[in-house]
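The values are calculated or read from the model by the stated rules, or taken from the named source; none is laboratory data. It should be emphasised that the depicted structure is a prediction, and the values quoted were computed from it without experimental measurement. Please note: Cβ atoms are built from the backbone with ideal geometry, for glycine as well, and neighbour counts cover all protein chains shown.
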Amino acid sequence: MPRKPIIGWLALAAVLIVFPLVFTGAYYEQLAAFVILSAISASAWNLVGGYAGQVSVGHAVFFGVGAYMPLLFYKLWEASPLLGFPAGIVVSVLIAIVIGVPTFRLSGHYFSMATIAVAELIRILVSDWDFLGGAIGLMGPATPRGWWDLVYRSSVPYYYIFLAVLAVLLYITHRMERSRFGYYLRAIRAGERAARSLGVPVSRYKLYALMLSAGFTSLAGSLYAVKFGFVDPGSALGILVSVQMVVMAALGGAGRLLGPLLGAVILVPLQTTTNTFFGGAGTGLAFILYGGIIMLLSRFEPGGLLELWERFQARREARTARGRALLGAGEDHAA
Amino acid sequence: MLLRAESIRMAFGGFLAVADAGLEVAEGEIVGLIGPNGAGKTTFFNCLAGDLKPSGGRVLFDGADITLASPEAHAALGIARTFQVPATFDEMTILENVMVGAFLRHPREKEAREAARRTLALTGLERLAEHKAKSLGTPGRKRLGIARVMATEPRLVLLDEALAGLNPAEIQQAIELVRMIHRSGVTLVIVEHIMEVVLTLAERIVVLNQGRVIAEGRPKEIVNDPAVIDAYLGRSHARRAHQP
């Protein structure tokens with residue numbers, strides 16, 4: 001832990017703001033925008049999957065709803081995709097309630113499996129639903145009709161929009177960490193029975209966490225849709241979308257404020273590199289990569305990289321404290 | 001009566017764990033609930049705490065029927081329980097563990113933190129406030145379990161084997177803690193396997209055997225009750241005890 005956390009925060013913000021100004025070029029700009037977008041969805045997942053410990057592997061549902069809605073608004077009424085953002089959030093939160101009430105009766109792996117089942121079911125349904133473009137998907141406006149279409153040739157404006165959303169999400173998460181809501185979620189993660197005995201309304205709080213998480217995941221989906229101008233069932237509702245959120249959060253540190261961002265910073269470039277290197281076979285490779293990371297994490301470091309780092313820091317501090325004690329042994333021991 | 005349980009029955013499939021058990025606890029009392037292994041103590045206890053919904057009978061707290069109320073509703077009403085195997089929140093600090101309890105009466109973080117610190121001072125854990133709960137051994141965990149429960153500011157505390165697994169010195173400290181809680185105005189129901197401890201703490205004792213209350217009274221009366229001696233030690237001991 002840094003002694004003055006505010007300095008750390010300012011440094012982090014400065015790096016993120018300056019990044020696309022330093023690393024110019026379409027490739028880096030697109031990559032940077034995608035890192036931040038992935039950090040948003042993984043941070044949204046973190047609310048329920050990390051803090052509350054309810055490992056959903058079906059968050060693609062919310063991401064997909066968010067991605068389809070703006071483009072559906074455009075297809076039906078030629079409306080601004082922006083109008084689809086709140087609609088996506090509302091629908092996602094409603095779906096969260098419908099899914100959450102029955103699946104939260106399950107615990108551990110059974111909950112995760114139920115969320116996979118629901119997500120895959122919806123992906124298959126959408127693939128066969130012509131209203132939503134079936135397997136082909138939906139397109140957004142090709143050329144901007146006004147600023148409200150959010151169509152930019154460069155990735156940089158998207159990068160800053162994503163960064164602003166991420167900042168809001170992390171601020172809300174940070175506030176949550178310091179509130180009754182945050183403590184209750186961590187208690188639920190640590191032990192539901194004990195939490196209930198202390199007066200924590202477990203089912204209600206799990207549902208709140210899922211609703212909040214679903215809303216932000218949907219927002220991430222909407223941002224994805226306006227950035228790429230195109231969605232199909234595979235890219236918005238596929239299981240890889242859900243798995244990606246889980247792996248990023250878990251790699252950085254699930255249930256930690258900056259865990260998902262760290263995970264995204266490491267994984268997205270890795271994934272993009274393998275994709276460009278191996279072309280079409282890259283998707284399959286991502287599965288293998290994620291599988292490997294899941295295995296390594298659960299075997300060696302379930303707390304993620306941030307916890308590893310904290311342990312390392314603590315050990316170093318202990319060593320320097322011992323060193324200081326040795327040097328100033330005379331005065332210190334007298335006290 | 002603060003707590004009144006009337007003819008509680010709890011069946012698991014065909015097995016009747018509690019056949020017919022009742023209990024009355026007055027405000028300010030310490031009541032001990034004892035019985036040999038498998039007597040149905042824990043099941044009965046869980047029915048009182050709201051962790052199990054009894055198959056028959058009812059539980060009244062301060063006159064209100066709470067038989068079917070959830071565990072969190074029990075906590076809100078002022079009935080708190082500890083667990084035999086202390087279910088501490090291992091990845092959270094000791095202070096944070098207690099804060100989870102304190103949030104029940106103090107929704108704001110700052111006030112919950114202050115209330116939790118007061119509880120830690122009272123229970124002698126303040127020195128360890130910033131340590132993770134997983135760093136504690138069994139006695140510490142049991143103490144933390146009690147501190148966490150006290151932070152919910154209960155009127156009635158149900159202690160489930162708070163002393164099991166402790167050595168004599170630790171038992172002595174735990175007894176001091178229980179006495180202190182009682183002095184602060186909290187009513188207690190203690191489930192305990194070790195008879196000596198309950199005898200020194202409780203004013204009144206209820207003995208369960210095979211899911212039924214077989215005796216009730218002051219500690220002195222209980223130790224001489226033939227039915228109790230029979231239940232614990234067998235018939236031959238009961239006869240011997242009553243030979244002049």
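Brief remarks follow.
- Test for A:SER154: is it of a type in the set (S, T, N, Q), more than 14 Å from every other protein chain (Cβ to nearest Cβ) and part of a helix (DSSP H, G or I): no
- The residues on offer are A:TYR171, A:TYR184, and the sole one that is within 30 Å of B:ALA133 (Cα to Cα) and surrounded by fewer than 14 Cβ atoms within 10 Å (Cβ to Cβ) is A:TYR171.
- Set side by side, the residues B:LEU159, B:LEU128 differ, and just one is buried (at least 17 other Cβ atoms within 10 Å of the Cβ), over 28 Å from B:VAL31 (Cα atoms) and in contact with a helix residue (DSSP H, G or I) (Cβ under 9 Å, 6 or more places away or on another chain), which is B:LEU128.
- Scoring B:GLU176 on the criteria (1) without any contact (Cβ under 8 Å) to a residue 12 or more places away in the chain; (2) within 13 Å of chain A (Cβ to nearest Cβ); (3) not polar (S, T, N, Q) leaves a single failure, condition (2).
- Residue that is nearest to the other protein chains (Cβ to nearest Cβ) [pool: residues in segment B:107-124 that are farther than 22 Å from B:THR187 by Cα and of a type outside the set (Asp, Glu)]: B:PRO107
- Selection of first residues in segment A:218-229 that are at positive phi and at pLDDT 95 or above and of second residues that are among the charged types (D, E, K, R) and assigned to a helix (DSSP H, G or I), restricted to Cβ pairs under 7 Å at least 6 apart or on distinct chains, gives an empty result.
- A:VAL200 vs. criteria among the β-branched types (Val, Ile, Thr), assigned to a loop (DSSP other than H, G, I, E, B), on the phi < 0 side of the Ramachandran plot and within 14 Å of chain B (Cβ to nearest Cβ): yes
- When B:ASN97 is tested against (1) at pLDDT 95 or above; (2) part of a strand (DSSP E or B), only condition (2) is not met.
- Checklist (1) under 22 Å from the mean Cα position of the chain (by Cα); (2) over 30 Å from A:ASP232 (Cβ atoms) applied to A:VAL168, failing item: (2)
- Residue list for segment B:84-102, filter: in contact (Cβ under 8 Å) with a residue 40 or more places away in the chain and facing another protein chain (nearest Cβ under 7 Å): B:ALA87, B:PHE89, B:ASP90, B:GLU91, B:MET92, B:MET99, B:VAL100, B:GLY101
- Residues within segment A:96-117 that are surrounded by fewer than 20 Cβ atoms within 10 Å (Cβ to Cβ) and either aliphatic (A, V, I, L, M) or at pLDDT 95 or above (or both), tallied: 8
- Among (1) more than 12 Å from chain A (Cβ to nearest Cβ); (2) under 20 Å from B:LEU136 (Cβ atoms); (3) β-branched (Val, Ile, Thr) - the single one B:ILE66 does not satisfy: (2)
- Residues being modelled with pLDDT of 85 or more and either touching a helix residue (DSSP H, G or I) at 6+ places or on another chain (Cβ under 7 Å) or of a type in the set (Phe, Trp, Tyr) (or both) - total across segment A:301-329: 5
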